[in-house]
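The values are calculated or read from the model by the stated rules, or taken from the named source; none is laboratory data. Predicted model only: the values in this text are computed from it and were never measured. Virtual Cβ from ideal backbone geometry, glycine too; neighbours counted across all protein chains shown. With ligands, DNA and RNA removed, areas are computed over all heavy atoms of the protein, side chains included. Shrake-Rupley method; radii C 1.70, N 1.55, O 1.52, S 1.80 Å.
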Amino acid sequence: MRMIGIFSLGVRKLYLVGNLQDIRSLILDICEKEDRKTAGRVAVMLEGLWKNRNDFVWHNEKEDASKLGWLAFHKWQEWFLAQKFREPQSDNRDLVQWNPPSSGCFKCNVDAAFNQRVGSTNRGWCIRNDHGNFIAAGTAWDMCNFSVLEAEALALKEAILASSSFHNAPLIFESDSQQVVKALGSNSKGSSEFITIINSIKSLLLDFPNFEVKFIKRQANMVAHTLAKAANSWSRRCLFDVVPPCITFHLINESS
């Protein structure tokens, strides 16, 4: 019960943080000075606050700090126990995780998602450096019925365009759509919407020779996946130079 009280107190304190810059400073300070357990607890609280904020904005529903603290505590316990259960299995070859790029390089994870409730196709991307630190992110959504392949290709195209300022630095784009990545390396021809998008991406890559596209499994693409799922929380196209709260937990977990 004491630990639940600590979570509730933490939620109240986070409510008092003044602006996004303060939140960013708080997150960076915790990542630098606290251990993994503490950083994980804060990440869970931030995720709960973010969900509570969205529930209030979209559904006019919200929980009080004590309830959020209770939910955060139990979610942390579930995650912590799952990690303890998984850790002894060091020979597990199926375990997939995000890895930072080599020294001096950047990595941009990309994903698409669908919001069936509102009928939108969503996109999300996030750039991190060779230390796994957040650099920038973006989201977008459209009220269009794209196919899965079209949506994944559009997400990659948008991320490449948004990353044009990195044209002098090696930048790896990771997508969990193997078909999109394979299509970029093939000579497929046709007039379908998917092939048209693929050809436009190929043209962009010719303009940015330091850019490279690779396939990554979904388990190692959770930051981009979470951003794409949350895209409707913002306007149709958003760029972030501070960490969106919805991905804080994944960023801390993957940088540990």
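Taking the condition of being of a type in the set (G, A, S) and over 16 Å from the mean Cα position of the chain (by Cα), how many residues in region 200-244 meet it?
3
Among the listed residues K214, K202, identify the single one that is basic (K, R), open to solvent by 30 Å² or more (accessible area, probe 1.4 Å) and either closer than 13 Å to S175 by Cα or not in a helix (DSSP H, G or I) (or both).
Numbers: K202 fails: either closer than 13 Å to S175 by Cα or not in a helix (DSSP H, G or I) (or both).
The unique qualifying residue is K214.
Since S164 meets every condition but one in (1) under 21 Å from the mean Cα position of the chain (by Cα); (2) within 20 Å of C105 (Cα to Cα); (3) modelled with pLDDT of 95 or more, which condition does it not meet?
Only one criterion in (1) under 21 Å from the mean Cα position of the chain (by Cα); (2) within 20 Å of C105 (Cα to Cα); (3) modelled with pLDDT of 95 or more is unmet by S164, namely (3).
Give the residues of region 96-130 that are out of contact with any Gly (no Cβ under 6 Å at 6 or more places or on another chain) and of a type in the set (F, W, Y), sorted by residue number.
Across region 96-130, the qualifying residues are W98, F106, F114.
Pairs only if they're at least six apart or on different chains, beta carbon under 8 angstrom, first in region 176-191 and without any contact (Cβ under 8 Å) to a residue 24 or more places away in the chain, second crowded, with 18+ Cβ neighbours inside 10 Å; list them, first residue then second.
The qualifying pairs are S188/I198.
Read through the list (1) more than 20 Å from N115 (Cα to Cα); (2) touching a Leu at 6+ places or on another chain (Cβ under 7 Å); (3) open to solvent by less than 50 Å² (accessible area, probe 1.4 Å), then give the number of the only condition that Q179 fails.
Going through (1) more than 20 Å from N115 (Cα to Cα); (2) touching a Leu at 6+ places or on another chain (Cβ under 7 Å); (3) open to solvent by less than 50 Å² (accessible area, probe 1.4 Å) one by one, Q179 breaks only (3).
Which one of L156, L161, L171, L149 is buried (at least 23 other Cβ atoms within 10 Å of the Cβ) and in contact (Cβ under 8 Å) with a residue 40 or more places away in the chain?
From the options L156, L161, L171, L149, the qualifying one is L156.
Would you confirm whether or not region 108-119 contains a residue that is within 20 Å of N232 (Cβ to Cβ), free of Cβ contacts under 8 Å to residues at least 24 places away in the same chain and open to solvent by 40 Å² or more (accessible area, probe 1.4 Å)?
yes
Can you pull out every residue in region 217-256 that is outside any helix (DSSP H, G or I), over 12 Å from W125 (Cβ atoms) and of a type outside the set (A, V, I, L, M, F, W, C)?
The answer is K217, S235, R236, D241, S256.
As an exercise: evaluate G69 against (1) modelled with pLDDT of 85 or more; (2) out of contact with any strand residue (DSSP E or B) (no Cβ under 7 Å at 6 or more places or on another chain); (3) surrounded by 20 or more Cβ atoms within 10 Å (Cβ to Cβ) and give the number of the one condition it does not meet.
(1)
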